[in-house]
1. Please determine whether any residue of segment B:60-83 is among the hydrophobic types (A, V, I, L, M, F, W, C), surrounded by fewer than 18 Cβ atoms within 10 Å (Cβ to Cβ) and part of a loop (DSSP other than H, G, I, E, B).
2. Scan segment B:167-206 for residues that are open to solvent by less than 20 Å² (accessible area, probe 1.4 Å) and facing chain A (nearest Cβ under 7 Å) and report the count.
3. Take segment A:25-46 and flag every residue that is within 16 Å of DNA strand C (Cβ to nearest atom) and part of a helix (DSSP H, G or I).
4. Residue check: is residue A:126 free of Cβ contacts under 8 Å to residues at least 40 places away in the same chain, outside any loop (DSSP other than H, G, I, E, B) and small (Gly, Ala, Ser)?
5. Just to be sure, is residue B:79 more than 18 Å from residue A:126 (Cβ to Cβ), within 13 Å of DNA strand C (Cβ to nearest atom), among the acidic types (Asp, Glu) and more than 13 Å from chain A (Cβ to nearest Cβ)?
6. Could you tell me whether any residue of segment A:40-52 is within 14 Å of another protein chain (Cβ to nearest Cβ), at positive phi and among the small types (Gly, Ala, Ser)?
7. Considering only segment B:166-178, I want to know if a residue exists there that is more than 20 Å from the chain's Cα centre (by Cα) and closer than 30 Å to residue A:35 by Cα.
8. Of (1) assigned to a helix (DSSP H, G or I); (2) away from every other protein chain (no Cβ under 14 Å); (3) not small (Gly, Ala, Ser), residue A:144 satisfies all except one. Which?
There are 2 protein chains.
Amino acid sequence: MDRTQDGKPRRTAARGSYAVGDERRARILDAAVEHFAQWGFHASSLARIAKDAGITQGGLLHHFRSKEDLLISVLRRTDEQGGVRLFAREPQSVVETFQTLLGLAAYNAERPGRTKMFNALVGEAGERGHPAHDFFVGRYRMVIEGIGRELRDAVERGEVKPGTDPEALAAEIAAVMDGLQLQWALAPETYDMVGRLRAYFDRLLRSVTVDGVGLPERSGGEEDRSEN
Amino acid sequence: MDRTQDGKPRRTAARGSYAVGDERRARILDAAVEHFAQWGFHASSLARIAKDAGITQGGLLHHFRSKEDLLISVLRRTDEQGGVRLFAREPQSVVETFQTLLGLAAYNAERPGRTKMFNALVGEAGERGHPAHDFFVGRYRMVIEGIGRELRDAVERGEVKPGTDPEALAAEIAAVMDGLQLQWALAPETYDMVGRLRAYFDRLLRSVTVDGVGLPERSGGEEDRSEN
DNA sequence: GTCTATAAGGCGATAGAC
DNA sequence: GTCTATCGCCTTATAGAC
């Protein structure tokens, strides 16, 4: 997985050993995701996380100086992996925006640990002192601004009805996605989160676009883009 | 503090001390709500809850035989207080249904501890072993069936468009309410949860009812019904 | 880089005094 | 009904050996 196929120079060797450290780091982070999903932050234990990563608690604290450091490292990596580069490509239409979000939902449905972790942490993080509070405040701001910008562009293109409040609608979309995720987490095998979200987007498109057309029958954009 | 100022008959004395016990019980439950809100279940501590209730940990465990017993007692009482009798009165229209739900959102916004507790617990409870897992599974079933029934009635009355899937729409409504609640919890003083929900219901009514009319300007049903 | 050992304290639950 | 005391276990973080 970490093929640093080097040549000769020292630097490369150093890079090599660094890459090994990164691999251990990654194992710890993977284990931490599962534990934060199951226990939340406060009730997770470094020793149990370390054990799942094949290391001792003391060894873990060589890579992360504290439990809180581990948490923010997990959150940062998770954001880099997943849908934050969601807004990298400019969408050509609001339909494309929604298809990208459907793809994100499918991506989340395939990663129960990661997704349940967000459910558990965002609930805990409501309290102001929580170590992830600021992270989630910033995250919602970013997500809502991102979706809001695309909606505003769609209004300006004349695609979406002029009266629409882009930011309010973006917050609503984020709420639907989060809320469906909570329901899905209670029965991940039987709950069709993506289907539910598609139904929502379909009706939303009919009521909010100028031409009043819903989502295309079963277009692309929902496959896992498998970024990691 | 324990003024069982009894007369002679046993029964009355027993009832009297029982009422006092209930008052203490209530204090413990109130404290527990705040702690579960801030820490979730696993990371909350009986000793700290007891301290806030003006009692010791040992004393607390006289009223609740275990931490898990305390949790389910909290959840049960909270459900009895809040919007479970939501469906007591038959609504005359889907507008009325939505106004009742707006009232519930306003009720929740006035009780940050209780509401944040639900955010924290429903996130944790995604995992199957969690002591509140079954509670939340049952709760969503009940809520979605309740809202779904009212929507189905509205379809049968010819108020809502025939093609509508009542249960799917009910799940969507629950998702929006939960998702908005997560965002609200991050900034309860500045986030207009009820306004956001009203905007959602308004657009939903326009797209899903036969006559396509939105929500009335600012009708009743949103005041706190102050049931406790 | 990983280990063991340990410090210093919190946890839930039980037992028994009053 | 509430207290104190206690059991056995778990917690994060640090120190130092290898």
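The values are calculated or read from the model by the stated rules, or taken from the named source; none is laboratory data. None of these values were measured; they are calculated from a predicted model. All Cβ positions, even for glycine, are placed from backbone atoms using ideal geometry, and neighbour counts span all protein chains on display. Only protein heavy atoms, including side chains, enter the accessible area calculation; ligands, DNA and RNA are left aside. Shrake-Rupley method; radii C 1.70, N 1.55, O 1.52, S 1.80 Å.
1. For segment B:60-83, residues among the hydrophobic types (A, V, I, L, M, F, W, C), surrounded by fewer than 18 Cβ atoms within 10 Å (Cβ to Cβ) and part of a loop (DSSP other than H, G, I, E, B): absent.
2. Residues meeting the conditions: 12.
3. Those that are within 16 Å of DNA strand C (Cβ to nearest atom) and part of a helix (DSSP H, G or I): A:25, A:26, A:27, A:28, A:29, A:30, A:31, A:32, A:39, A:46.
4. no
5. So residue B:79 does not fit the description; no.
6. Scanning segment A:40-52 turns up at least one residue that is within 14 Å of another protein chain (Cβ to nearest Cβ), at positive phi and among the small types (Gly, Ala, Ser).
7. Among the residues of segment B:166-178, not one is more than 20 Å from the chain's Cα centre (by Cα) and closer than 30 Å to residue A:35 by Cα, which makes the answer no.
8. Of the numbered conditions (1) assigned to a helix (DSSP H, G or I); (2) away from every other protein chain (no Cβ under 14 Å); (3) not small (Gly, Ala, Ser), the odd one out for residue A:144 is (2).
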